[in-house]
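These notes are about the structure you will find just below.
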C-alpha cells in the first residue's frame, strides 16, 4: 500500500485501541487467572457470533496474559472478530500484528488468507482509488505462493480473478470516457493498459477492439490493423469478432478513399 495511507490506517487503529484501553470501557466478565480458561470464555462468545463482547474479551486477554500459550489464538480471533464485525481496517491491523509476531503458529496460513480478505472487503467500486484492491491482490498471491496446497487456495484464486477484472475494467472504463471526448490518444493508452497488464481478464478482447477503433478514429490505420491482427490471434472465439470485422472493413474503405 502507499506508505502514507497505510500509516494513517495504523494510526486510526491505534487510537481506537488506546481509547478502548484508556477509557476503562472494557465490559469483560473474565475473572480467572488461567489464560486457557479466559480464552475459552472469549471463544464461546466468538462462536456465538457475539463479536462485540468477543472483542472486549480478546483485547483484555491480550493485555492481561501476554506471551502465553494462547497468545497466538487470542490475536487471531481478535482480528477475526473485527473482520466479522465489519471493522475491516482494525481487522487488517490485528491480522498484520499476527503475521508479524506468530509466524510459527498453526493459524498462520489462515491469518494470511484472512488478511487478504480484509483488503478484499475494503476494495471500493471500480471508479474509485484501487489501492486496497491492489493490496488484496498482493496478499492473496503471497498466501498462495506460501501455501499452494492450503484449503482456501481455490477461493483465493477466484478472488484474484475478480479483482484483476475490476482493475482491468477501471482502465477500460477510463478509456471509454476518453473515447466520448474524442481523445483517441489517451483512450488508446488506457485500452492498451488493459490487455498489457490484464490479458487474462474478461476485458482484454474488449480493450483490443476498443483500441483498434480509437486508432481508426485517430487515422492511425496501420496501428489499428496490427491490433486487430493480434485480437484475431488471441481471441478467435470472441463475441466481438463481428465488431472487429466492421472496423477492419471501415479501415479498408477509408484507406481506399484517401
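What follows is calculated from the coordinates using simple rules that are stated; it is not laboratory data. Computed from a predicted model, the values in this text were never measured in an experiment. Cβ: placed from backbone, ideal geometry, glycine included. Neighbour counts: every protein chain shown.
In this calculation the C-beta distance from residue 241 to residue 176 is compared with R0 = 22 Å, giving a FRET efficiency of 0.65. Treating the range 172-258 as a set of equal point scatterers at the Cα positions, no solvent, please give the Debye-formula log₁₀ I(q)/I(0) at q = 0.14, 0.17 Å⁻¹. Normalising to I(0) and taking log10 leaves -0.42, -0.62.
Working note: 222 nm ellipticity from helices only, DSSP H runs with n ≥ 4, each -39,500 (n - 2.57), summed and divided by the residues of the chain, gives -24500 deg cm²/dmol to the nearest 500. Report the calculated FRET efficiency for residue 127 and residue 217 (r = Cβ-Cβ distance, R0 = 30 Å), to the nearest 0.05. With a Förster radius of 30 Å, E is 0.80. Between the Cα long axis of helix 3-22 and the first principal axis of the chain there is an angle of about 20°, rounded to the nearest 10.
For the chain, the longest principal axis of the Cα atoms and the long axis of helix 221-234 meet at an angle of about 60 degrees.
Under 8 Å for C-alpha pairs, at least 6 residues apart: give me the relative contact order for the range 172-258, rounded to a whole percent. Contact order relative to length: 22 percent. Give, as ranges by residue number, the residues of the range 200-232 whose backbone N falls under 11 Å from the point 7 Å along Cα→Cβ of residue 258. Flagged as within label range: 220-223. From the Cα gyration tensor of the chain, with a ≥ b ≥ c the square roots of its eigenvalues, which class applies: rounded if a/c is under 1.5, or else prolate if a/b is larger than b/c, or else oblate? Prolate is the answer for the chain, as a/c is 1.5 or above and a/b outweighs b/c. If r is the Cβ-Cβ distance from residue 226 to residue 153 and R0 is 41 Å, what FRET efficiency results, to the nearest 0.05? Between residue 226 and residue 153 the formula returns 0.60. Against the chain, whose longest principal axis is taken from its Cα atoms, helix 241-256 shows a tilt of about 40°.
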